[in-house]
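Below you'll find the structure, written out as structure tokens, and then a few comments.
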Amino acid sequence: METITLAGFSLPLLPLLLLSSWLLLSVLNKLKRPSVPGFSDALLVRLLLSLVLSRLVFMVQHLGVYQADWWQLLDIRDRGFDGHSFLLVLSLLLLQYGYQQRQARTLLWLGLPLVLLWVAGSFALYRHYYPLPTGAPGYHFQTLSGEEQQLSGFLAQRKAAFTVVNLWASWCPPCRAEMPLLMQSQAEYPQGQFILLNQGETAAEVTQFLQQQQLQFQQVWLDPNRQFGRWLGQQALPLTLIYDQHGNLVDGHAGVLSKAQLSAKLAPFRLGAGPASNFNRR
């Protein structure tokens with residue numbers, strides 16, 4: 001779920017780290033004498049192939065979900081990739097490349113440890129400035145009817161198997177795109193609860209939008225000052241958070257959410273057991 005804001009745009013951290021790692025290895029090759037011909041292209045091809053195969057694995061894992069909307073197979077905005085498959089395939093492809101190209105083998109032995117240090121150091125620096133939250137903020141929000149609500153107290157009182165908190169705004173196209181999915185999921189997962197936490201809009205604006213789009217949610221709250229996003233250190237919208245029955249923040253996703261991604265995140269709760277926290281991996 002980690003994002004970085006650059007020039008007003010919120011960008012996911014993991015793709016940036018992958019791109020910067022590729023650039024680092026490419027620069028090392030330029031500095032090497034003699035340089036390895038085609039080194040950057042070979043790395044890029046293997047990186048893209050690993051991403052494609054990890055996407056295919058994710059699709060196979062959630063094929064039943066995709067059958068209802070086949071077009072979502074091509075929609076990679078949800079970043080639905082299987083991380084273990086990506087690392088395994090990329091490792092094998094790099095080993096194959098190093099085995100075939102002796103010059104590349106030497107550069108990989110030198111460059112890959114530097115890449116690991118770069119990725120680990122960058123992530124540690126990011127986490128220093130954006131520490132990982134664990135619970136819910138103590139802010140007070142309002143419902144559309146004007147009732148005051150506090151998320152931490154709400155979670156403790158309701159004791160649902162899970163709670164999905166979605167930060168959104170009516171002017172945000174990705175937010176609008178995932179609204180039907182959230183309304184459908186609200187009916188499909190009665191053991192949980194869904195809170196639509198609007199960012200920066202008035203009750204009249206939110207009510208008008210929901211009526212126009214024929215959307216109905218049990219819990220719609222207002223955060224006019226966008227306090228929740230600042231508390232998280234994340235200004236990107238939409239932003240989806242998942243709390244367990246004890247009020248612990250266990251998972252999250254920045255950007256548009258697909259049915260397959262939501263299904264994967266809620267699968268442990270469907271089985272009746274809350275997951276261990278994997279919030280730091282999303």
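The values are calculated or read from the model by the stated rules, or taken from the named source; none is laboratory data. Just so we're clear, the structure is a prediction, and the values are computed from it rather than from any experiment. Cβ sites come from the backbone with ideal geometry, for glycine too, and all protein chains shown count toward neighbours.
Would the stretch 71-82 turn up any residue that is of a type in the set (Asp, Glu), modelled with pLDDT of 70 or more and either surrounded by fewer than 17 Cβ atoms within 10 Å (Cβ to Cβ) or touching a helix residue (DSSP H, G or I) at 6+ places or on another chain (Cβ under 6 Å) (or both)?
yes
Looking at Thr163, is it touching a residue at least 60 places away in the same chain (Cβ under 8 Å), surrounded by fewer than 16 Cβ atoms within 10 Å (Cβ to Cβ), more than 14 Å from Leu257 (Cβ to Cβ) and hydroxyl-bearing (Ser, Thr, Tyr)?
Spelling it out, it is not the case that Thr163 is touching a residue at least 60 places away in the same chain (Cβ under 8 Å), surrounded by fewer than 16 Cβ atoms within 10 Å (Cβ to Cβ), more than 14 Å from Leu257 (Cβ to Cβ) and hydroxyl-bearing (Ser, Thr, Tyr).
Out of Ala203, Ala177, Ala160, which single residue is of a type in the set (A, V, I, L, M, F, W, C) and farther than 22 Å from Gln142 by Cβ?
Ala177
Do we have Val250 as in contact with a Pro (Cβ under 7 Å, 6 or more places away or on another chain) and assigned to a strand (DSSP E or B) here?
Spelling it out, Val250 is indeed in contact with a Pro (Cβ under 7 Å, 6 or more places away or on another chain) and assigned to a strand (DSSP E or B).
Does Leu155 satisfy the criteria of being under 24 Å from the mean Cα position of the chain (by Cα), part of a helix (DSSP H, G or I) and surrounded by fewer than 15 Cβ atoms within 10 Å (Cβ to Cβ)?
No, not satisfied.
Quick one: in the stretch 189-234, which of the residues that are small (Gly, Ala, Ser) and out of contact with any strand residue (DSSP E or B) (no Cβ under 7 Å at 6 or more places or on another chain) is farthest from Tyr126 (Cα to Cα)?
Ala204
A quick yes/no check of all residues on (1) more than 22 Å from Gln211 (Cβ to Cβ); (2) among the hydrophobic types (A, V, I, L, M, F, W, C); (3) touching a strand residue (DSSP E or B) at 6+ places or on another chain (Cβ under 9 Å); (4) in a strand (DSSP E or B):
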site: Leu132; (1), (2), (3), (4): yes, yes, yes, no
site: Gly135; (1), (2), (3), (4): yes, no, yes, no
site: Gly138; (1), (2), (3), (4): yes, no, yes, no
site: Gln149; (1), (2), (3), (4): no, no, yes, yes
site: Asn166; (1), (2), (3), (4): no, no, yes, yes
site: Trp171; (1), (2), (3), (4): no, yes, no, no
site: Gln184; (1), (2), (3), (4): no, no, no, no
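Regarding Ser35, is this residue in a helix (DSSP H, G or I), of a type outside the set (Asp, Glu) and either closer than 21 Å to Leu108 by Cβ or modelled with pLDDT of 90 or more (or both)?
So Ser35 does not fit the description; no.
Could you tell me how many of the residues in the stretch 6-60 are hydroxyl-bearing (Ser, Thr, Tyr), within 25 Å of Thr240 (Cα to Cα) and surrounded by fewer than 17 Cβ atoms within 10 Å (Cβ to Cβ)?
1
If I filter the stretch 209-227 down to residues being free of Cβ contacts under 8 Å to residues at least 40 places away in the same chain and aromatic (Phe, Trp, Tyr), which single residue comes out as surrounded by the most Cβ atoms within 10 Å (Cβ to Cβ)?
Out of the qualifying residues, it is Phe209.
Out of Arg282, Arg230, I need the residue that is among the basic types (Lys, Arg), surrounded by fewer than 16 Cβ atoms within 10 Å (Cβ to Cβ), at negative phi and at pLDDT below 90. Which one?
Arg230
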